[in-house]
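In what follows, a structure is listed as structure tokens, so that the remarks can point back to it.
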């Protein structure tokens, strides 16, 4: 078991670094960014941009460093200055690690066109220069740097923290509800296979799990917000986690913006859509795994022994049917934090998924990458937890 | 599962002596026909697909015909100037909804079909190779599949397509990609770049499912006796792969293909809805939905117009997948 865990942890570290590299190369390849903004200012004539301005901006976003150095600084905050062991420099502190102002070579072609090419370097950045900079602790240690567009110069981790409670609230409640409702439905459908209840539930869950959440979300707003309001019925407000001004709802009265009632009303729809989707998927899953188990010999044996039906189902069948369900639940962990981008966008819910969409819409790729990185790590942890849980719920499985 | 019956027997004297037998696909189709919902779905899909193919001919208006004096007309209303009928009304720029919906069907369905086809090809080849050859080939491919499967789908899809689409002007795709895409989607060449980019993004991440499925199937089939006898007959690896392994690993691929169509359609719709996919004026059901939802509070029918085709196609793909799964499962008595 210990050897297994150690091996898995090493694997997780490797995959984490690989996915960080993937994310970083995407970031690096993405055009746009702060320099484009500066260029636009120059083009529109708002401000004269000097070489110094560019160098300062580059230094701020570390764009003046060579790619490998930039990557290790981003990943683990290394090197943060001259590399020393016991006061002795391992590498000379004047080692060049980047270029603050590139040299420009003006090429004049015979046909009269002029091309300016960057070649060589006018001012280098050395290892010693790095000591004066604000160094992030590296994303491996939870420091994702500064947001560039969405909230200028605020640390990304702050930004994530303001969104996290909303996502955990939404995903946590809907996951819990889906388990509490979906699992019994699945069990009952399996026990009463081909009953009217089973047919109805199979139909509903089939449709529920095949419809895109986008469609369900929009339809929910259409029916419960727009049409209900038009018909003068009590309706559910949509959009955001809390209202801006007070509003009236028939039969309920005036709702104070920001009150608990307001928040609850706005929470109902996104939560219901996510819950419905999960109920549909999970009850189908539980049903088929229950049906599988109910056919087993040990269930027949239990019945033959005269064990009461309730005990057969809960003690003998359900415990075994839940084993594969555990793996499914491991997939929930990343969504608890990363949220549901589509549902959150449809309902304007200020969670992580919505943040991802907003960040991408404004080309703030560092924020997007932070969210991607966190959810990848959570996926890995989810896999590990599900493997360990497997041995807990099923003693026959040994990890080696 | 029949081994080689999928190839039609050559007509000849020998065949006439044998009792009349049904080919595998006749049986499958007969079984499939019993699934009423799947047949109805197939009919609906064929109608939508035909309409999308005929879009340039049956569309009553030009695709991007903006008219600011006729914005957001309800369905079945007449044009205020010409008196022509807008069957499904008009959008926020006064463009005819019916025209745009069928052009959008072309883009959305064709994106789904091209993505799924690409995914099936890449996934099948890699899955077959991994499963059949084992060893370092399997190791390499399996590790890549594991890695891609670890990255959460939707965030990486959104990030990739956002980066690609927002800088679509900077990316130059070869004309042998742009040309066919523009032709299939019935869009001008300059709009085809973003559609092609979206297809590439969706396909580059989607193949893992098919790859795993095919690998698993091959691992099962590889141990069968007919493979051993094919080997004993002196069959080469390539011949065995194409002639014996692939046909037997094929049925689950069809089901995966149908469900994959739904997955690709829904992904395209979601990405375009959020604004990182195909951009207006190229219509897709996703970006039409995106615009329609911003007007839904005063014009509640608007999201239904792109919404219903999404709903119908999504359900239809799932029903057909379900019907095919049942029809292809020889253990299931229908």
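Just so it is clear, none of the values below were taken in a lab; they were calculated from the coordinates. This is a predicted model, so every value here is computed, not measured. Glycine also receives a Cβ, built like all others from the backbone with ideal geometry; neighbour counts cover every protein chain displayed.
Over the residues of region A:176-220, compute the C-alpha Rg and express it relative to 2.2 N^0.38 Å.
1.30
Dividing the convex hull volume of the Cα atoms of region B:203-272 by its residue count, what figure in Å³ per residue is obtained?
Values: hull volume 5.6 nm³, N = 70.
In region B:203-272, the Cα convex hull volume per residue is 80 Å³.
Once the piece of chain linking residue A:95 and residue A:18 is laid out straight, how much longer is it, given 0.36 nm per residue of separation minus the C-alpha distance between them?
Numbers: separation 77, 0.36 × 77 = 27.72 nm, distance 2.73 nm.
That pair, residue A:95 and residue A:18, stretches by 25.0 nm at full extension.
Quick one: plug the Kirkwood hydrodynamic radius of region A:119-170 (C-alpha pairs) into Stokes-Einstein at 25 °C, 0.890 mPa s, and report D in µm²/s.
Details: Rh = 13.7 Å.
Stokes-Einstein gives a translational diffusion coefficient of 179 µm²/s.
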*So, how do all the Cα-to-Cα distances of region A:126-246 break down into 5 Å bins, in percent, from 0 on up?*
2, 8, 8, 11, 13, 12, 11, 10, 7, 6, 5, 3, 2, 1, 1, 0
*asked:* Within region B:156-177, list the residues whose amide N lies under 20 Å from a label point set 7 Å along Cα→Cβ of residue B:121.
replied: B:173-177
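Which of B:96, A:94, A:262 comes first, and how do the rest follow, when ranked by fewest Cβ neighbours within 10 Å?
Working: B:96 25, A:94 12, A:262 19.
The most exposed by this proxy come first: A:94, A:262, B:96.
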_Percent of C-alpha pairs per 10 Å bin, region A:78-144, short to long_ = 18, 29, 26, 14, 10, 2, 0
*asked:* What FRET efficiency comes out for residue A:230 versus residue B:137 if R0 is 51 angstrom and r is the Cβ-Cβ distance? Round to the nearest 0.05.
replied: 0.25
*asked:* Can you compute the modelled spin-label distance between residue B:220 and residue A:394, with each label point 7 Å from Cα toward Cβ, in nm?
replied: 1.8
*Specify, per residue and in Å³, the volume enclosed by the convex hull of the alpha carbon atoms belonging to chain B.*
183
*asked:* How large is the Rg to Rh ratio of region A:197-310 when both quantities use alpha carbon positions and Rh follows Kirkwood?
replied: 1.22
*Write down the Kirkwood hydrodynamic radius of region A:51-203, to one decimal in angstroms, obtained as one divided by the mean of 1/r over all alpha carbon pairs.*
20.8
*At 10 °C and 1.306 mPa s, what whole-number value in µm²/s does Stokes-Einstein give for the translational diffusion of region B:272-334, with Rh from the Kirkwood sum over Cα pairs?*
116
_With only alpha-carbon atoms in the gyration tensor, what are the semi-axes of the equivalent ellipsoid for region A:258-400, in Å, largest first?_
39, 21, 11
*region A:47-95: radius of gyration and largest Cα-Cα distance (Dmax), Å*: 14.0, 48
*Write down the Kirkwood hydrodynamic radius of the protein assembly as shown, to one decimal in angstroms, obtained as one divided by the mean of 1/r over all alpha carbon pairs.*
29.5
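Calculate for chain B the 222 nm mean residue ellipticity that helices alone would give, adding -39,500 (n - 2.57) per DSSP H run of length 4 or more and normalising by residue count, nearest 500 deg cm²/dmol.
Details: 14 runs with 225 residues, N = 334.
Dividing the helical sum by the residues of chain B leaves -22500 deg cm²/dmol.
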*asked:* Largest first, please: the extent of the C-alpha atoms of region B:93-233 along each principal axis, to the nearest Å.
replied: 67, 29, 27
*asked:* Once you place label points 7 Å from the Cα toward the Cβ at residue A:2 and residue A:261, how far apart are they in nm?
replied: 6.0
*May I ask you to compute the full-extension gain from residue A:298 to residue A:311, defined as 0.36 nm times their residue separation minus their alpha-carbon distance, rounded to one decimal in nm?*
3.4 nm
_25 °C / 0.890 mPa s Stokes-Einstein diffusion coefficient of chain A, Kirkwood radius on C-alpha pairs, µm²/s_ = 95
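Just from its helices, what would the mean residue ellipticity at 222 nm be for chain A, if runs of 4 or more DSSP H residues each count -39500 (n - 2.57) and the sum is divided by every residue, rounded to the nearest 500 deg cm²/dmol?
On the way: 15 runs with 229 residues, N = 400.
So the calculated ellipticity at 222 nm is -19000 deg cm²/dmol.
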_For region B:160-288, compute Rg over Rh where Rg is the Cα radius of gyration and Rh is the Kirkwood radius from the inverse mean 1/r over Cα pairs._
1.15
*Go ahead and set up a Gaussian network model of chain A, Cα springs under 10 Å, then flag whichever of A:247, A:109, A:188 fluctuates most.*
A:109
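Most exposed first by the Cβ proxy, i.e. fewest other Cβ within 10 Å, how do B:271, A:10, B:141, A:249 rank? Display every interim value, and only then the final one.
Details: B:271 28, A:10 10, B:141 20, A:249 17.
Ascending Cβ contact count within 10 Å gives the list A:10, A:249, B:141, B:271.
Residue separation times 0.36 nm, minus the C-alpha to C-alpha distance between residue B:169 and residue B:29: what's the value?
Working: separation 140, 0.36 × 140 = 50.40 nm, distance 4.66 nm.
Contour length minus the Cα-Cα distance gives 45.7 nm.
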*asked:* Largest first, please: the extent of the C-alpha atoms of region B:125-201 along each principal axis, to the nearest Å.
replied: 47, 26, 19
*Which log10 I(q)/I(0) values, to two decimals, does region B:159-207 give at q = 0.13, 0.23, 0.24 Å⁻¹ under the Debye formula with one point per Cα?*
-0.27, -0.81, -0.87
_Residue among B:194, B:84, B:279 with the largest mean-square fluctuation in a Gaussian network model of chain B, springs linking Cα atoms under 10 Å_ = B:84
*Bin width 10 Å, alpha-carbon pairs only: give the P(r) of region A:277-317 as whole percents, running from 0 to the bin holding the largest distance.*
30, 43, 22, 5
*Using only the alpha-carbon atoms of region B:30-76, report the extent along each of the three principal axes, biggest first, to the nearest angstrom.*
53, 22, 13
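If you take the beta carbon distance between residue A:173 and residue A:291 as r and set R0 to 30 Å, what does 1/(1 + (r/R0)^6) give as a FRET efficiency, to the nearest 0.05?
On the way: r = 29 Å, r/R0 = 0.98.
Computed FRET efficiency for residue A:173 and residue A:291: 0.55.
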